[in-house]
Amino acid sequence: MAIVTSDHDSVRAGKLSTLSWQKALKEAIRDPVELCRTLQLPAKFEIGAEQAAAEFPVFAPKDFVAKMEVGNPSDPLLRQVLPVDEELLLAPGYVSDPVGDLAAQKTPGLIQKYHGRALAITTGRCAVHCRYCFRREYPYAEGPRSHREFAPLLQTIAADSTIEEILLSGGDPLTVVDEGLSDLIQQLENIEHLRRLRIHTRLPIVIPQRVTDALLESLQRTQLVSLVVVHANHPAEIDCHVAAALQRIVEAGIPVLNQSVLLRGVNDCAKTLIKLSEKLINCRVMPYYLNQLDRVNGAAHFEVKVDVGKAIIAEMRTRLPGYAVPRYVQEHAGDQHKRPLA
Ligand SMILES: *Cc1c(COP(=O)(O)O)cnc(C)c1O
Ligand code: SF4
């Protein structure tokens, strides 16, 4: 198996803990002060981190944290998970549900905005809390609490024969154990008009141990066409362990796509995004979307101007194969598809 490595990786990769993915979830850092101290940040960061974490808690698996540079508050991976006081500033135009998820709910936990595909909030749980997440204020508690409460959602899908594709999202659907997922997939399979199953997940990036044999088997066994969409924003997220996990999915015959969010101080430069695309295609993962930031409360400091995004895409086109340039898109509530920006 070809594993992508580079000098940069060998510095950052370190050793992957041999924890099971569930143990890695359990042992993830949830205390903002612990996160600051692990990375030896100046003490002034601890106050802001504690205040902002009261709004949206910290969650960062230790193997993800191990890829960050100690002593560097601007580390691009750290910026994605460290609560900072800028989150507490009110920013005009920033709201609780920027993409109109709630208005598009067909039943609690089932969102449909586009023709032929519907999105299930499989769980509220994630393997990492991304500070810019557009669902950071989503009322997960009002939907199904677990896959066992999925009956109304399944009935809604079954009642609409135009739905051919179901997206499992959340939260992160791969925080559900393999038995639960396989159970859910079987129930979806029973819906005759459903053809495709798409899993949107960050688990293979932040806890690559999650790509278990049982998971791959259930994705292969189903008669539904399965696809996996991962979410990586910066090349340093893809060390050799992550690359190997991604390749295992591809080798199981399941297409893997990546989406990123354009984030200030994380990946708002062409060089970084070119490197990310190169790493992705070298493990046979196709760059899919580069999302313009959704204006959710607390995320204003991550916004990059659309003109800057367009210039980055233009430069990527001069350096990469056409298939390695992601589609730069923005979501607008009420649209019938994501809106292309470049
Ligand atoms: C983004 C999104 C999709 C997927 O859109 P694609 O363009 O097919 O990737 C589907 N449903 C909802 C509600 C979405 O937000
Ligand atoms: S993993 Fe996805 S759903 Fe979870 S916090 Fe990050 S962006 Fe949001």
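Its residue count N fixes a reference of 2.2 N^0.38 Å for the stretch 6-88, and the Cα radius of gyration divided by that reference is 1.11.
In straight-distance terms, cross-link reach from LYS44 covers every one of the lysines whose alpha-carbon lies under 21 Å from its own, apart from those fewer than eight places away in the same chain; here that gives an empty set.
Once you charge only the Cβ atoms, +1 for Lys and Arg and -1 for Asp and Glu, what is the size of the charge dipole of the stretch 6-88 about its Cα centre, to the nearest 20 debye? Mind dumping the intermediate values first?
Details: 10 positive and 14 negative charges, 83 e Å.
Dipole magnitude for the stretch 6-88 comes out near 400 debye.
Comparing GLN336, ALA299, ALA158 along the charge dipole axis of the chain, the residue lying farthest to the positive side is GLN336, per the Cβ-charge model. Put a plus charge on the Cβ of each Lys and Arg, a minus charge on the Cβ of each Asp and Glu, and nothing anywhere else: the dipole of the chain about its Cα centre is then about 640 debye.
Under the simplified labelling scheme, the ASP307-GLN155 pair shows an inter-label distance of 5.3 nm, with each label point 7 Å from Cα along Cα→Cβ.
Model label sites at THR162 and ARG195, defined 7 Å from Cα along the beta-carbon direction, differ in position by 1.6 nm.
Residues whose amide H lies under 5 Å from that of LYS106, counting only those 5 or more places away or on a different chain, are ILE111, GLN112; hydrogens are built 1.01 Å from N in the peptide plane.
Taking only DSSP H segments of four or more residues, each worth -39500 (n - 2.57), what value at 222 nm results for the chain once the sum is divided by all its residues, to the nearest 500 deg cm²/dmol?
-9000 deg cm²/dmol
Under the simplified labelling scheme, the LEU88-ILE47 pair shows an inter-label distance of 0.9 nm, with each label point 7 Å from Cα along Cα→Cβ.
Which of the helices in the chain meet the span-like rule: DSSP H, Cα axial reach of 24 Å or more, Kyte-Doolittle mean at least 0.5? Helices passing the filter in the chain: none found.
Since only PRO32, ALA324, LEU262 are under comparison, the one whose Cα sits farthest along the positive direction of the charge dipole of the chain, derived from C-beta charges on Lys, Arg, Asp and Glu, is ALA324.
Only residues of the stretch 244-282 count here: report those whose backbone N is under 20 Å from the spot 7 Å along Cα→Cβ of GLU315, or say none. Hits in the stretch 244-282 for GLU315 at 20 Å: 260-281. Counting only residues at least eight positions apart within a chain, or on another chain, the lysines with an alpha carbon under 23 Å from that of LYS305 are LYS271, LYS275, LYS338.
Structural size metrics of the chain, computed from C-alpha coordinates, are Rg and Dmax of 19.2, 57 Å. Of the GluC sites (Glu not before Pro) in the stretch 277-342, not one is in a loop by DSSP (not H, G, I, E or B) with at most 11 other beta carbons within 10 Å.
Counting 0.36 nm for each residue step from ARG117 to HIS332 and taking away their Cα separation leaves a gain of 75.7 nm.
All of the numbers you see were taken from the coordinates with simple rules; none came from a lab. Computed from a prediction, not measured in an experiment: that's the story for all the values here. In this analysis, Cβ positions are derived from the backbone assuming ideal geometry, glycine residues included, and neighbour counts consider all displayed protein chains.
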